[in-house]
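Read the structure below first, then the notes.
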Amino acid sequence: MAQKNIGLVAGRGHLPFEVLEEIKRRGARSLVVGLRGEVDTGVPGMADEYQELSVCRLGDIIGYFKSFEIAEVVFAGKVGKEALFQNDFDPVFLAVLKNLPEKNDDAILLAVVKEFEKNGLLVAKQTDYLQRLLAQPGPIIGEVTEREMDDVRLGFRVAKAIGGMDIGQSVVVKQGVVLAVEAIEGTDQAIIRGGKLGGAGAVVVKVSKPFQDERFDVPTVGKSTIDSMISIQAAVLGVEAQKTLITEKKEFLELAASHKIKIIAV
């Protein structure tokens, strides 16, 4: 029986590697479009078939996958939000954007998914391929104090609110004060901004959006999250249990432990 072909649209970060490992574990072939300027240089070497294309060339990306018999396509990895301000969109992407009354993250990504599926390409949930990376409920490292848990709970409520408005999914809190909410700059830069305002001891919280579409943009933390927290001497990372992916888990946990950063999934 012929091997199943599974497509991957690969952005930045470690998630594309995790998806590639899962595709290999399933005995399938990986057909990868690496997003130019975003994808890690190690991805092509792990792919069975590889093409690098600009995120703005939606028609070319879809055309590449349609040239193969594809079972389904997975989206994995970040795309810099500054890409939304580029001016080299192809006619397919321009048509998608033209029909959107709001051009926020979810609206654009959902429209892209619909364009894939209109062309016969099923887009799978990221969590179907990354179930093993989901944070399990409870303490992960360290013992969070009641004062810190108050900040985690506040951060959770605020992050859910901004997520519902599709602004961001992360907040930085200290002693009952919200120092920063994530916007277009992303989680790591929001952490650093909050630390500049509040100093050491901040609590970082990341959650899923209230109506998260698991085909794209599942909340993710990893080594870079901890690096940003170290730079501001943050004390606690709170994530939403069963909804947040942890990448590079061994290095993530070792780095957090070595800097006495507590982690809890709620």
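Just so it is clear, none of the values below were taken in a lab; they were calculated from the coordinates. For clarity, every value in this text was computed on a predicted model and none was experimentally measured. Backbone-built Cβ (ideal geometry, glycine too); neighbour counts: all protein chains shown.
Compute, for the chain, the length of the dipole vector about the Cα centre, with Cβ point charges of +1 (Lys, Arg) and -1 (Asp, Glu) only. Units Debye, rounded to 20. Don't jump to the answer; show the numbers that get you there.
Numbers: 33 positive and 37 negative charges, 79 e Å.
For this selection, approximately 380 debye.
Which is the longest part of the chain that has none of the GluC sites (Glu not before Pro) sitting in a DSSP loop with at most 13 other Cβ atoms within 10 Å? Walk me through the numbers before you get to the answer.
Values: sites that count: Glu69, Glu102, Glu143.
The longest uninterrupted stretch comes out as 144-266.
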The set of residues whose placed amide H lies less than 5 Å from the amide H of Phe216, leaving out same-chain residues fewer than 5 positions away, is Gln126
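In nm, what is the difference between 0.36 nm times the number of residues separating Lys196 and Arg26 and their Cα-Cα distance? Could you put the intermediate results ahead of the total?
Working: separation 170, 0.36 × 170 = 61.20 nm, distance 4.51 nm.
Here the segment from Lys196 to Arg26 would lengthen by 56.7 nm.
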Against the 2.2 N^0.38 Å scaling, with N counting residues, where does the chain land? I'd like the Cα-based Rg ratio to two decimal places. 1.03
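Could you tell me which of rounded, prolate or oblate describes segment 149-266, using a ≥ b ≥ c as the square roots of the eigenvalues of the alpha-carbon gyration tensor, with rounded for a/c under 1.5 and, failing that, prolate when a/b is larger than b/c and oblate otherwise? Before the final figure, lay out each step's value.
Values: a/c = 1.57, a/b = 1.14, b/c = 1.37.
Oblate shape, in that a/c is at least 1.5 and b/c is the bigger or equal ratio.
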Suppose each label sits 7 Å from its Cα in the direction of the beta carbon; what would the Glu69-Asp166 distance come out to in nanometres? 3.7 nm
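Using a Förster distance of 22 Å, how high is the FRET efficiency between Gln51 and Lys118, based on the Cβ-Cβ distance and rounded to 0.05? It would help to have the intermediate numbers written out before the result.
On the way: r = 21 Å, r/R0 = 0.94.
The formula returns an efficiency of 0.60 here.
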Treat each spin label as a single point 7 Å out from the Cα along the C-beta direction, and report the Arg132 to Phe211 distance in nm. 3.4 nm
Integer Hz, Karplus 6.51/-1.76/1.60 couplings in order for segment 251-264, x for Gly and Pro: 5, 4, 5, 5, 5, 4, 4, 5, 10, 6, 8, 8, 9, 9
Which of the chymotrypsin sites (Phe, Trp or Tyr not before Pro) found in segment 33-113 are in a DSSP loop and have at most 16 neighbouring Cβ atoms, other than their own, within 10 Å? Phe68
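Let's see if you can work this out: charge +1 on each Lys and Arg Cβ, -1 on each Asp and Glu Cβ, no other charges. What is the dipole magnitude of segment 134-265 about its Cα centre, in debye to the nearest 20?
Here segment 134-265 has a charge dipole of around 180 debye.
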One quarter of the C-alpha convex hull surface, i.e. the mean projected area of segment 94-182 in nm², amounts to 8.2 nm²
Could you pull out which residues in segment 232-247 have an amide N less than 19 Å from a spot 7 Å beyond the Cα of Gln175, following the Cα-Cβ vector? 232-237
Signed unit charges on C-beta, dipole axis of the chain, positive-most listed residue Val123, Met149, Ala76: Met149
Express the Stokes-Einstein translational diffusion coefficient of segment 5-130 in µm² s⁻¹, to the nearest whole number, given a Kirkwood radius over alpha-carbon pairs, 37 °C and a viscosity of 0.692 mPa s. 225 µm²/s
With n ≥ 4 as the cut-off for DSSP H runs, can you work out [θ] at 222 nm for the chain, using -39500 (n - 2.57) per run divided by the number of residues, rounded to the nearest 500? -11500 deg cm²/dmol
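With +1 on each Lys and Arg Cβ and -1 on each Asp and Glu Cβ, and nothing else charged, work out how big the dipole of segment 5-130 is about its Cα centre, in Debye to the nearest 20.
Numbers: 15 positive and 20 negative charges, 23 e Å.
Result for segment 5-130 is approximately 100 debye, rounded to the nearest 20.
Relative to the present Cα-Cα distance, how much length would full extension add between Ser231 and Asp88 at 0.36 nm per residue of separation? Before the final figure, lay out each step's value.
Working: separation 143, 0.36 × 143 = 51.48 nm, distance 3.58 nm.
Extra length available between Ser231 and Asp88 comes to 47.9 nm.
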Using the Karplus curve 6.51 cos²θ - 1.76 cosθ + 1.60 with θ = phi - 60°, work out ³J(HN,Hα) for each residue of segment 61-72 in order, rounded to whole Hz, and write x for Gly and Pro. 5, 5, x, 4, 5, 5, 6, 10, 8, 10, 6, 6
With a cut-off of at most 16 other beta carbons within 10 Å, and DSSP calling the residue loop, which trypsin sites (Lys or Arg not before Pro) in segment 1-91 qualify? Please list them. Lys4, Arg26, Arg36
The distance between the Cα centres of segment 95-139 and segment 34-62, in whole Å, is 17 Å
Please report the relative contact order for segment 5-130, taking Cα pairs under 8 Å with a sequence separation of at least 6, and give it as a percent rounded to a whole number. 30 percent
Using a 10 Å cut-off around each Cβ, can you sort Met46, Met165, Met229 from fewest to most neighbouring Cβ atoms? Met165, Met46, Met229
